[in-house]
Amino acid sequence: MSTIIEPLRGVHDILPAQAAAWRFLEQTTREVFAAYGYEEFRVPIIEQTQLFKRSIGDFTDIVEKEMFSFVDQGEDHITLRPEATAGIARAVISNGMLRTGRLRVWCMGPMFRRERPQAGRYRQFHQIDAEAFGFEGPDIDAEMILLSARLLRRLGLSRIKLHLNSLGTPAARAAYRERLVAYFSTYESQLDEDSRRRLHGNPLRILDSKHPDTQRIVAGAPHLADSLDPESKTHFETLCGHLRAAGIEYHVDQRLVRGLDYYTRTVFEWITDSLGSQSTVCAGGRYDGLVAQLGGAPTPGIGWAMGQERIVMLLEKQGRIVPADGPQVYLIASGERAQRAGLELAERLREARPDLRLQVNMGGGNFKAQFKRADKSGARYAIVLGDDEVARGTVSWKDLRGGQAQQECAIDRVAERIGVLLGNEQANTG
RNA sequence: GUGGACGUAGCUCAGCUGGUAGAGCCCCGGAUUGUGAUUCCGGCCGUCGCGGGUUCGAGUCCCGUCGUCCACCCCA
């Protein structure tokens, strides 16, 4: 007897029972992106380790200790992508896609971070990702946020709040960063360990430290808003105006700085109060310097990422019923002749109605057993084919959910019959 | 990475102060003829996460380990 192989820590199977919620999320995502004219982009899951070091920032926890990195047989330094933006930016440059100026894309897929797992925080997790390149003005910032808002609304989720802030231009941010370093340096000995470590790497992160002592020091720190350059200020105010006009509620959060180094100007997060400490459901911002940093022509960019596991958790928690896609019709066939006739009939029906979801009983069984399976399949109707029906050239037809009596109809009129019945059903369920 | 709680059948859980495991659901079969979902009867299912220790004896106590979860950290 060999021992059972367990999954790796922090990775999960998505079981068929859960897949409906995922499919609903993914289908809705496709529709919403299409509604805004965004194109799907598929990029690799593995990239050169250097890509993430250069884009996300050497001093972020992600790069410092959370990446799944390895050297392969050919001495290549490879990393499983911990986020999507860097890979998309790289792909946009590699494929010369910026020559046409502007680009609005989205992608969806697994990401990897070697964190300590918790509900809503996994080592392999999935994100929906939106990116736009080549747009300088705040209109695209607004569109990005409106798009995410519409997606959340279309999913039927509520009680998710939008937090908003601006980090300024790279220059203003750099100046602010210096001011911040100067300020925190005078209190260096009083800072907590993590904050001290970040002081010269990513001092903005110190702002949202939860250490009480550090927080006291943070309270006296120079304000980001005061250091904003006039252009960034205007940019931010225009964005806020767009959001108000569109009826999107938001909360300006001075502490919101985001963890990744590449952000500039607009940053935002959608936050829920029903997921414990994994409260951010979607987050993003502008990264005007990233493309140039990765060797492309200087091009402004903005994007966001949404955590799919967290969304699915919210769908469950908020009791959203997602459309199932089990069979509509279950075909029962008993006896050798009936089985053969049943298989043939099923194929004919699928030919006639490509959208039909029809499950054929397999593995035999008496009528009782087959009806049990028909019931369990969730199908609305059962088509019954036994020796009697075969002899008569008919099928019996049973409504498993309604009170209608069982009927019989000619075998070559079944497709027509399905059209009538499921047509009605679709009208009823919208 | 730090601190803490938990880990018993496929699922949800019970098992008092240590005496070699139970329920419900699920699944399978039956209640005369080719009919499910209800009811009744019967049946299957566990190295009590794993490893070590204490003990005559451990699911129950101790240690370690793995995993899940909570907070921190980080972040989607």
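The values are calculated or read from the model by the stated rules, or taken from the named source; none is laboratory data. The structure presented is a predicted model; accordingly, all values stated were derived computationally and were not measured. Quick reminder, even Gly has a Cβ in these numbers, built from the backbone with ideal geometry, and neighbours come from all protein chains shown. The accessibility values were calculated without ligands, DNA or RNA, using every heavy atom of the protein model including side chains. Shrake-Rupley method; radii C 1.70, N 1.55, O 1.52, S 1.80 Å.
A few remarks follow.
- The relative contact order of chain A, computed from alpha carbon pairs under 8 Å that lie at least 6 residues apart in sequence, is 15 percent.
- Considered as an equivalent ellipsoid built on the Cα gyration tensor, segment A:329-423 has semi-axes of 17, 16, 13 Å, the largest given first.
- Counting only protein heavy atoms and a probe of 1.4 Å, the accessible surface of segment A:124-232 is 49% carbon and sulfur.
- Per-residue ³J(HN,Hα) for segment A:111-119, Karplus 6.51 cos²θ - 1.76 cosθ + 1.60, θ = phi - 60°, Hz, x for Gly and Pro: 10, 9, 9, 8, 9, 7, x, 7, 4
- Farthest toward the positive end of the dipole of segment A:72-172, out of A:Thr79, A:Ser166, A:Ile93, is the Cα of A:Ser166, where the dipole comes from beta carbon charges about the Cα centre.
- Members of A:Lys210/A:Lys233; A:Lys161/A:Lys317; A:Lys368/A:Lys398; A:Lys372/A:Lys398 lying beyond 20 Å, as alpha-carbon distances in this model show: A:Lys210/A:Lys233
- Overall, the accessible surface of segment A:1-106 at a probe of 1.4 angstrom is composed of carbon and sulfur to the extent of 52 percent.
- By a 1.4 Å probe calculation restricted to protein chains, A:Tyr176 has an accessible surface near 0 Å², given to the nearest 10.
- Heavy-atom surface analysis with a 1.4 Å probe gives segment A:329-423 a carbon and sulfur content of 48 percent of its accessible area.
- Distance between the C-alpha centres of segment A:86-133 and segment A:203-282: 22 Å, rounded to the whole angstrom.
- Segment A:329-423, relative contact order in percent, only Cα pairs under 8 angstrom and at least six apart counted: 30 percent
- Span from the segment A:1-58 Cα centroid across to the segment A:290-362 one, whole angstrom: 16 Å
- Solvent exposure of chain A as accessible area per residue, Å², 1.4 Å probe: 51 Å²
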